[in-house]
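Shown next, in structure tokens, is the structure this report addresses.
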């Protein structure tokens, strides 16, 4: 039996992880769950999966949950202390980091130091602290198993191949709902338009990030750390059908790719059972029905999120943190209808230009750069 702890259990990745657990109940067990404010759903998850510990981000939500599950033998904790307790608990084997945002950094570090393998779905952890996380994982003998569809595809395409044979990583992107639009056509995009992803069912923030190509930029930064490659070795290719999830080109010109229907449960299950593959129900690619697949170069002039991400990654140090923090705040403002759609990338660029890069930042300096970015944005935009 493999025991897993899930940070972000009520979100899209977290709930799908629990579906995988449900389908493999004889081999997977949940020992801890953590969420933000969704007390109703957390109560249902506790009653179904019987964790030893459950965490809510706010003490108020935790207090509410304690009353609701007083009849069950589960410990309820709160805040960062709660996340750190779950990350290090001796009963778990794998920590699934499906929590959104930079609050995932400290629990991930704590889990690595406690010898836990990481099923990584929190891309901000590597985007902002990859220079800390990857050497620490190597030092502690811990596996970082990617859960993002694209990074899982790269991981699978690399299986059994030495890293020095990589010539190029081909990172695929659907192009989002506005592929083919001009800058002028993006001026009047509303929240409802941006939340309609053509292929994937995801949370609100990541869906917006996909539409701006910011998410693909974050994935470029994550891939750099996960697979120890240079930025120049990562090529983003728009593939609207989302059947090829990503690929690796080797020094002899061969390309190995991972294909499948768009379903996040596949990379989740692969990470939890790696290196084994287990049967999984669901759709299969029908090449005859598909007919064809197409590829395009990303339009980085219109969708500037990707070019800004490459710029942030090239600057290095604390700049990826600023890129990520500015995007988090900009997307929140857009979802609250306080910022236009083009204003998302404009705000990211303004925040990056304001920042003075700190090379090789500590965790404290990373969090300070995040706070500085939020303060700068608060001074520019009415919150």
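No value in this document is a laboratory result; all are computed from the given coordinates. Here the structure is a predicted model, which is why all the values come from computation and not from measurement. Glycine gets a Cβ as well: all are built from the backbone with ideal geometry, and neighbour counts include every protein chain shown.
With each label point set 7 Å from Cα along the Cα-Cβ vector, what nm distance links residue 235 and residue 307?
2.0
Using 0.36 nm per residue, how much length does the chain from residue 336 to residue 287 gain when fully extended, once their Cα-Cα distance is taken away?
On the way: separation 49, 0.36 × 49 = 17.64 nm, distance 4.12 nm.
Stretched out fully, the residue 336 to residue 287 stretch lengthens by 13.5 nm.
When only C-alpha pairs under 8 Å and at least 6 residues apart count, what is the relative contact order of the chain, in percent? Write down the numbers at each step before the final one.
Details: 671 pairs, mean separation 55.7, N = 383.
Relative contact order here is 15 percent.
Starting with the fewest neighbours, write out 191, 127, 74 ranked by other beta-carbon atoms found within 10 Å of each beta-carbon. Walk me through the intermediate numbers first.
Details: 191 13, 127 25, 74 18.
If I rank by nearby Cβ atoms, fewest first, I get 191, 74, 127.
Treat each spin label as a single point 7 Å out from the Cα along the C-beta direction, and report the residue 71 to residue 138 distance in nm.
5.3
Rank these for me by crowding, 44, 179, going from fewest to most other beta carbons within 10 Å. Display every interim value, and only then the final one.
Values: 44 12, 179 18.
With the sparsest Cβ surroundings first, the list reads 44, 179.
Taking each pair of different alpha-carbon atoms in the chain once, compute 1/r for the pair, average those values, and report the inverse of that mean as the Kirkwood hydrodynamic radius in Å to one decimal.
Value: 21.3 Å, from the Cα pair sum.
By the gyration tensor of its Cα atoms, with a ≥ b ≥ c the square roots of the eigenvalues, what is the shape of the range 316-383: rounded for a/c under 1.5, prolate for a/b over b/c, or oblate?
On the way: a/c = 2.33, a/b = 2.04, b/c = 1.14.
Note, shape of the range 316-383 comes out prolate.
For a Förster distance of 45 Å, can you work out the FRET efficiency between the beta-carbons of residue 187 and residue 114, rounded to the nearest 0.05?
Working: r = 49 Å, r/R0 = 1.09.
Taking R0 as 45 Å, the efficiency between residue 187 and residue 114 is 0.35.
Quick one: grab the alpha carbon gyration tensor of the range 1-147, order the square roots of its eigenvalues as a ≥ b ≥ c, and give me rounded if a/c is under 1.5, else prolate or oblate depending on whether a/b is larger than b/c. Walk me through the intermediate numbers first.
Values: a/c = 1.82, a/b = 1.44, b/c = 1.26.
Here the range 1-147 falls in the prolate category.
Looking at the range 2-67, I'd like the Rg to Rh ratio, where Rg is from alpha-carbon atoms and Rh is Kirkwood's inverse mean 1/r.
Details: Rg = 11.2 Å, Rh = 11.7 Å.
With Rg and the Kirkwood Rh in hand, the quotient comes to 0.96.
Under the definition of Cα pairs under 8 Å and six or more residues apart, what whole-number percent is the relative contact order of the range 316-383? Kindly include the intermediate steps, with their values, before the conclusion.
Values: 66 pairs, mean separation 33.2, N = 68.
Contact order relative to length: 49 percent.
For the pair residue 255/residue 159, report the inter-label distance in nm, with labels modelled 7 Å from Cα in the Cβ direction.
With each label placed 7 Å out from Cα toward Cβ, I get 2.1 nm.
At a 10 Å Cβ-Cβ cut-off, how would you order 288, 376, fewest neighbours first?
Values: 288 5, 376 19.
Fewest-to-most ranking of 288, 376: 288, 376.
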